[in-house]
Amino acid sequence: MLSAVKRYKLLVSGALARCFPRTSAHLRSEEGAVLFRRWSVADAKQSIESVGKPKARAPRKPSKPRAKPRKPASEGIYGPARMAVDNPQIQAMRLRVGKAVEAGVICAPSDEQWAMILSDSPVTRIFAGAGSGKSTTLVLRVVFMLCHMEIPPERLTVISFTNASCMQLREQLLQVLGFWNFAFDPAQARRCVRTFHSAMGVLAKDVLGDPRWFEQLDEKGASATELDNPLTSSRLRPAQQRLLKQAYQSCYAETARFRQLVHQLLGLAQPAEPASGKRCTRKAPQDAFKLPGEFTSAPLFEVFYVQAGFIESIGIRIDQLQPERMTCSAHERAFVEALILFWNHFQEILQAQGLMTFNAAFQQLAQRLTGEGKNIPAEALAPFSHLLIDEFQDISPQIVQWLQALHRALARQGEAVSLMAIGDDWQSIYGWRGSSPELFIDFDKYFPGKGASKKSRVLMLETNYRSIEPIIRDGESVLADVSFKQSKNSRAAKTTQAGDHGVKLITRFDIKARLPELIAQIRSQCEYVATRQHADRNAVLVLSRRNEPLRAIQAQLDRKLPVKAYSIHRAKGLQAEVAIIVDDCLPPEKHPLRNALYAYSGFFHNSYDQAMADESLRLAYVAITRGVSRVFWFTQKTQGATRILAGRGKG
């Protein structure tokens, strides 16, 4: 006679088999049995009763966007076995590192850095604070994997944010591997260290027929293999504008509904339609359009392109987007409807010319990989078996979907996969292009392990080797109001010396009227750094959110001065003895469309407006933590981050 437990198992598995055949198959697996055992008897009874007594159907209501972030597939990807790391490997690595330190090749790793270098977890997440030495630690982790764990170079890929950061990592890697006497040439380094888009491009060459890239049109010196991150690109180039304008014109000429929507959006009288059987040449209006929430106006086709890129980046397929399900006004809904019509024409033009966008390639590759990975050569996937990803906080939902599909496809083939993600949610500053630190914080939802524990190993690099204590504390203070962040306890390795200070706030500063005063301050700081022992190789870094103030400053500076001027976004990863910030911390405008898209996507806890308010504070943190021993902030109004600093008596 069957026991009560067995009867419950049979009843529940039968019910699930009828209603959820895929779940039933999963429960029959070893992992499913573990999950099954976690069910309580009450849960089992409730499931049986609900299956046995069908409820009357309520009237169907219109579907709404998800109120909560989507739940990714629960089946694990990584482990449960640990990576093969034994004591002889660890001792050999420590011995060789000691010799490299004596030779001046590297600095001695700290205990927290050693934990990252020697990790045996197949899925590891590292929160690496500003100035924590993560680049050198990442290089040593790669050395350990290649030289001591004996992972073949052709099965390992390091992903960094831009081509410039990739070049720096390659140089470091070649230098350190040379000390290990490991055969590794520059060509291998280029294959090993890539941007996300370069890594995707290599796979697209094998799987998607080696497409030409829309993003590279008119780009001088563009490389088919060294694709850079478009997050850092500037405005559209002429060849790109021509194609977008062509799609806009053809859609306007051929689609009556699109014409109506364009005139509605631009506030123009509705176009007169020709009598039946008569042909009419229609010229699309070129009026500038400003979408609520954007800082500037632009031709409508450019606005469509920018918003389409954002939509795809946050994991939404435009061809499946349903405007009627979005929680927004009729104006935003009309814009989305017009965008969908435009995007169909744009894709047809790209296809006719053998072109593809980066976003479309990520999307198509994820689809093919999810479809059991059929017709994808094993050797094409091999380089992604072991992934080490830097700046993970700037990842987007679309990249998450691609990475998931890659490692699930490899796992289905029986390959051992590992993922090490290194980042700092406090330095996430590309939300306006679809990235979000929430994906790093909710990492385990998207990259689950197998076995009883489905969580990644979490490590912290909290020692700051760059800045003095007052700068670290001022930087942290501006993050107090960030709604969604990982708590950290940064520690300064450098001691504060006489003359050092945190942020000094200079308020009511009008750059047009007081530019000579700022130039004098920059010269004064250059003189200060010249007298300082062991000063950073960069004397002064001038930062601003916008390029206009930087151009005005550079026009008045002596080019011989040791000063570099960058936007805050471009300065991430840089440092200087003195950081001088010229920025008003403008509060972000409300963006109704992107709020609706955020809710529709199901990936985010925050609204887009809240994400942008948080990002403005994180941008201030990035700017402050570029300084080593001094920071000056020139601002006209105290708002946002500068208001917080003023409240700390920094004025």
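Quick test of your reading of the structure: PHE440 fulfils all but one of (1) within 25 Å of LYS205 (Cβ to Cβ); (2) crowded, with 18+ Cβ neighbours inside 10 Å. Name the failing condition by number.
Unmet for PHE440, out of (1) within 25 Å of LYS205 (Cβ to Cβ); (2) crowded, with 18+ Cβ neighbours inside 10 Å: (1).
If you go through the stretch 454-494 one residue at a time, how many are under 25 Å from VAL417 (Cα atoms) and without any contact (Cβ under 8 Å) to a residue 24 or more places away in the chain? Please lay out each step first, then the result.
Our first condition is that a residue be under 25 Å from VAL417 (Cα atoms); within the stretch 454-494, this holds for 454-461.
Going one step further and asking which of them are without any contact (Cβ under 8 Å) to a residue 24 or more places away in the chain, we end up with 455.
Number of matching residues: 1.
Residues ARG237, ARG317: which one is basic (Lys, Arg) and over 23 Å from the mean Cα position of the chain (by Cα)?
Selected residue: ARG237, the only one of ARG237, ARG317 that is basic (Lys, Arg) and over 23 Å from the mean Cα position of the chain (by Cα).
Going by what's in this entry, would VAL478 be described as more than 27 Å from GLN610 (Cβ to Cβ) and surrounded by 19 or more Cβ atoms within 10 Å (Cβ to Cβ)?
Here the answer is no, as VAL478 does not meet what is asked.
Report, by residue number, each residue of the stretch 596-615 that is surrounded by fewer than 22 Cβ atoms within 10 Å (Cβ to Cβ), within 18 Å of GLU294 (Cβ to Cβ) and either in contact with an Asp or Glu (Cβ under 6 Å, 6 or more places away or on another chain) or of a type in the set (Gly, Ala, Ser) (or both).
SER607, ALA613
Considering the stretch 121-163 alone, what residues qualify as being among the hydrophobic types (A, V, I, L, M, F, W, C) and touching a Gly at 6+ places or on another chain (Cβ under 9 Å)?
Across the stretch 121-163, the qualifying residues are VAL123, ILE126, PHE127, ALA128, ALA130, PHE161.
Before we move on, is ALA492 among the hydrophobic types (A, V, I, L, M, F, W, C) and surrounded by fewer than 18 Cβ atoms within 10 Å (Cβ to Cβ)?
No.
Within the group ALA108, ALA103, ALA130, which residue is within 20 Å of ALA492 (Cα to Cα) and open to solvent by 50 Å² or more (accessible area, probe 1.4 Å)? I'd like the intermediate steps shown before the answer.
On the way: ALA103 fails: within 20 Å of ALA492 (Cα to Cα); ALA130 fails: open to solvent by 50 Å² or more (accessible area, probe 1.4 Å).
Of the residues listed, the single one that is within 20 Å of ALA492 (Cα to Cα) and open to solvent by 50 Å² or more (accessible area, probe 1.4 Å) is ALA108.
Looking only at the stretch 163-179, filter to residues that are of a type in the set (Gly, Ala, Ser) and over 20 Å from GLY104 (Cβ atoms); which one of those is surrounded by the fewest Cβ atoms within 10 Å (Cβ to Cβ)?
Per the stated criteria, the residue is ALA164.
Anything in the stretch 605-621 that is out of contact with any strand residue (DSSP E or B) (no Cβ under 9 Å at 6 or more places or on another chain) and closer than 30 Å to GLY133 by Cα? List them, or say none. Working first, answer last.
Here is the first cut: in the stretch 605-621, the ones out of contact with any strand residue (DSSP E or B) (no Cβ under 9 Å at 6 or more places or on another chain) are 605-619, 621.
Matches in the stretch 605-621: ALA611, MET612, ALA613, ASP614, GLU615, SER616, LEU617, ARG618, LEU619, TYR621.
Looking at ARG141, ARG82, ARG94, ARG125, can you tell me which residue is open to solvent by 30 Å² or more (accessible area, probe 1.4 Å), closer than 27 Å to ARG408 by Cα and either not hydroxyl-bearing (Ser, Thr, Tyr) or not in a helix (DSSP H, G or I) (or both)?
When all the criteria are applied, what remains is ARG82.
Return a yes/no flag: does the stretch 592-602 have any residue that is modelled with pLDDT under 95, more than 25 Å from ALA492 (Cβ to Cβ) and among the charged types (D, E, K, R).
So far as the stretch 592-602 goes, no, none of its residues is modelled with pLDDT under 95, more than 25 Å from ALA492 (Cβ to Cβ) and among the charged types (D, E, K, R).
When residues of the stretch 596-651 are filtered for being assigned to a helix (DSSP H, G or I) and charged (D, E, K, R), how many remain? Reasoning before the result, please.
As a first pass, look at the stretch 596-651 and keep what is assigned to a helix (DSSP H, G or I): 596-601, 608-624, 641-647.
Pick out the ones that are also charged (D, E, K, R) and you get 609, 614-615, 618, 643.
Going through the stretch 596-651 one residue at a time, the tally reaches 5.
Here are some residues: GLU589, GLU577. Which one is buried (at least 19 other Cβ atoms within 10 Å of the Cβ), within 24 Å of ILE511 (Cα to Cα), touching a residue at least 12 places away in the same chain (Cβ under 8 Å) and not polar (S, T, N, Q)?
Values: GLU589 fails: buried (at least 19 other Cβ atoms within 10 Å of the Cβ).
Within the list GLU589, GLU577, the selection yields GLU577.
Are there helices (runs of 4 or more DSSP H) fully within the stretch 180-299 with at least 3 residues that are free of Cβ contacts under 8 Å to residues at least 60 places away in the same chain and open to solvent by 40 Å² or more (accessible area, probe 1.4 Å)? List them.
Filter on the stretch 180-299 gives 186-192, 238-254.
Quick one: which of ALA361, ALA382, ALA366 is within 24 Å of the chain's Cα centre (by Cα), without any contact (Cβ under 8 Å) to a residue 60 or more places away in the chain and either over 30 Å from GLU150 (Cα atoms) or part of a helix (DSSP H, G or I) (or both)?
After applying the criteria, what remains is ALA366.
Would you mind stating whether LEU459 is in contact with a strand residue (DSSP E or B) (Cβ under 7 Å, 6 or more places away or on another chain), farther than 23 Å from ALA623 by Cα, open to solvent by less than 40 Å² (accessible area, probe 1.4 Å) and not in a loop (DSSP other than H, G, I, E, B)?
yes
Would you point out the residue of the stretch 501-553, among those that are under 16 Å from SER629 (Cα atoms) and among the basic types (Lys, Arg), that is surrounded by the most Cβ atoms within 10 Å (Cβ to Cβ)?
Only one residue tops the list, namely ARG532.
I need the full set of residues from the stretch 318-350 which are outside any helix (DSSP H, G or I) and open to solvent by 20 Å² or more (accessible area, probe 1.4 Å), in order please.
If the condition is that a residue be outside any helix (DSSP H, G or I) and open to solvent by 20 Å² or more (accessible area, probe 1.4 Å), then GLN322, THR327, CYS328, SER329 are the ones that fit.
List pairs: first residue in the stretch 333-352 and without any contact (Cβ under 8 Å) to a residue 24 or more places away in the chain and of a type in the set (A, V, I, L, M), second residue open to solvent by 30 Å² or more (accessible area, probe 1.4 Å) and in a helix (DSSP H, G or I) anywhere in the structure, Cβ distance under 8 angstrom, at least six positions apart or on different chains.
Here the result reads ILE340/ASP319, each pair linking the stretch 333-352 to a residue that is open to solvent by 30 Å² or more (accessible area, probe 1.4 Å) and in a helix (DSSP H, G or I).
Mind checking which residues of the stretch 124-150 are under 12 Å from PHE182 (Cβ atoms) and among the β-branched types (Val, Ile, Thr)?
VAL142, VAL143
Among the residues of the stretch 385-402, which ones are in a helix (DSSP H, G or I) and either surrounded by fewer than 24 Cβ atoms within 10 Å (Cβ to Cβ) or in contact with a helix residue (DSSP H, G or I) (Cβ under 7 Å, 6 or more places away or on another chain) (or both)?
PHE392, GLN393, PRO397, GLN398, ILE399, VAL400, GLN401, TRP402, listed by residue number.
Which of the residues that make up the stretch 149-161 are surrounded by 21 or more Cβ atoms within 10 Å (Cβ to Cβ) and of a type outside the set (Ser, Thr, Tyr)?
LEU156, VAL158, ILE159, PHE161
From the list ARG433, ARG408, pick out the single residue that is of a type outside the set (A, V, I, L, M, F, W, C), open to solvent by 10 Å² or more (accessible area, probe 1.4 Å) and under 11 Å from the mean Cα position of the chain (by Cα).
Details: ARG408 fails: under 11 Å from the mean Cα position of the chain (by Cα).
Sole residue among the options that is of a type outside the set (A, V, I, L, M, F, W, C), open to solvent by 10 Å² or more (accessible area, probe 1.4 Å) and under 11 Å from the mean Cα position of the chain (by Cα): ARG433.
Tell me, which residue of the stretch 411-430 that is out of contact with any Phe, Trp or Tyr (no Cβ under 8 Å at 6 or more places or on another chain) and either among the acidic types (Asp, Glu) or buried (at least 19 other Cβ atoms within 10 Å of the Cβ) (or both) is nearest to PRO397 (Cα to Cα)?
TYR430
ALA108: touching a Lys or Arg at 6+ places or on another chain (Cβ under 7 Å) and either part of a loop (DSSP other than H, G, I, E, B) or at pLDDT below 95 (or both), yes or no?
Criteria not met by ALA108.
The values are calculated or read from the model by the stated rules, or taken from the named source; none is laboratory data. Just so we're clear, the structure is a prediction, and the values are computed from it rather than from any experiment. Positions of Cβ are backbone-derived with ideal geometry, glycine not excepted, and every protein chain shown enters the neighbour counts. Note: accessible area is taken over every heavy atom of the protein model, side chains too, but ligands, DNA and RNA are not part of it. Shrake-Rupley method; radii C 1.70, N 1.55, O 1.52, S 1.80 Å.
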